[in-house]
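Enquirer: Below is one structure. I have some questions about it.
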Amino acid sequence: MPWVTVAALAVLAGILAAAPMRPGSDPRPAPEAALAAVAARPALPDTLRGRSGKLRARFLLPARDGSIPLLRTLFGDSAGRRPGVLAAADSAGPFHFITVRPFTDKVRGRIGAYAIGNFPGERPGGRTGAYRNPDGFVEVTERIADLPVSRQFRLRDFLTHDQARVWPKYLVLREPLVDKLELVFDELRAMGVAAGRLRVMSGFRTPQYNAQGVGAGGRVQDSRHQYGDAADVYAVVDGARDWMADLNRDGRVDLRDARLLASAAERVEAAHPELVGGIGIYPATSAHGPFVHIDVRGTRARWGAW
């Protein structure tokens, strides 16, 4: 879909070139000419791009966010009131407003053909607070699976690893987690580690998928992965195998490399206490290399092979 300038941009001093994007429509960036046309205009509010400055998407709940003045100004009065994607761009690059499907769209553990299961908070006497049910789900079609949510992450990176043939899929993802991961990568590079990027081994896990591994030595029943604010990650070097890299350059890949990645996460929390959460270090198995769990649960937690 070509990107066009909407008339309402005049009210906002023309800060964006934008056009609504329906679910399943083409999420490709604007043509170079369109980006060049807005290069001299004021940028999107910095708060949208996070503390890292690298976020490329914001998730909106229709009932709560449909009246945001910015959306109404850019895309019209109906913007944000139904699931879908609104695409915009300024001199910093593409940005997407993604309206999610409300939690109540899940019926008997499913949305359509996609199995989600039931969250811990849905059980009688279930936990509340940080463990309350998510507000809603991002509907991910095959065509928007590679839509960027930050400089180096895509929607696809956080999808549950099951139901490969079922589309659309549904995802819970929180911007603070993505922001924290980008900051961790930046911190790793600031520490002199020549990592090419972070890879997500496990992002969102639906309750029905998470339950398959619950038990001694496995996943916990109320895993943060179910709430879209946790990811298991490792750092790779460009051109090398998809495995934790030898970050400390000692000639081997082991827990010391995972600890180095975890120390970058600790530094990010020290600089940004609002992103505090869990950091867990895990050893390699025959199926994967060492990795680090990172989340933004709101309270400090540490576990694993420190």
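Throughout, read-outs are computed from the coordinates displayed, never taken from laboratory work. Remember, it's a predicted structure, so these values are computed and weren't measured experimentally. Cβ coordinates were reconstructed from backbone atoms using ideal geometry, including for glycine residues, and neighbour counts include every protein chain displayed.
Enquirer: How far apart, in nanometres, would the label points at ALA305 and HIS272 be if each is projected 7 angstrom from Cα along the Cα-to-Cβ direction?
Expert: 2.8
Enquirer: Only sites in a loop by DSSP and with at most 15 other Cβ atoms within 10 Å count here; which trypsin sites (Lys or Arg not before Pro) in segment 164-197 make the cut?
Expert: Those satisfying the criteria are ARG165.
Enquirer: Can you sort TRP306, TRP243 by how many other beta carbons sit within 10 Å, fewest first?
Expert: Ordered by Cβ neighbours within 10 Å, fewest first: TRP306, TRP243.
Enquirer: How big is segment 239-306 by Rg and Dmax over its Cα atoms, in Å?
Expert: Answer for segment 239-306, Rg first and Dmax second: 12.7, 37 Å.
Enquirer: Determine, for LEU177, LEU60, LEU48, the number of other Cβ atoms within 10 Å of each Cβ, and report the residues in order from fewest to most.
Expert: Going from sparsest to densest Cβ surroundings: LEU48, LEU60, LEU177.
Enquirer: In segment 203-306, which trypsin sites (Lys or Arg not before Pro) are in a loop and have at most 15 other Cβ atoms within 10 Å, using DSSP for the loop call?
Expert: Sites meeting the loop and neighbour criteria: ARG241, ARG249, ARG252, ARG300.
Enquirer: What order, most packed first, do the peptides 158-164, 62-68, 289-295 have when packing is the mean number of other Cβ atoms within 10 Å of each residue?
Expert: 289-295, 158-164, 62-68
Enquirer: Continuing with this model, one more query. What are the trypsin sites (Lys or Arg not before Pro) within segment 82-133 that DSSP puts in a loop, where the Cβ has at most 12 other Cβ atoms within 10 Å?
Expert: Of the trypsin sites (Lys or Arg not before Pro), the ones in loops of segment 82-133 whose Cβ has at most 12 other Cβ atoms within 10 Å are ARG108.
Enquirer: Spin-label point model (7 Å from Cα, Cβ direction): what's the ARG249 to ALA194 distance in nm?
Expert: 0.6
Enquirer: What per residue convex hull volume, in Å³, do the alpha-carbon atoms of segment 103-304 yield?
Expert: 129
Enquirer: Still on this structure, please answer the following. Between ARG127 and SER263, what is the spin-label point distance in nm, taking each point 7 Å from the Cα along the Cα→C-beta axis?
Expert: 3.1
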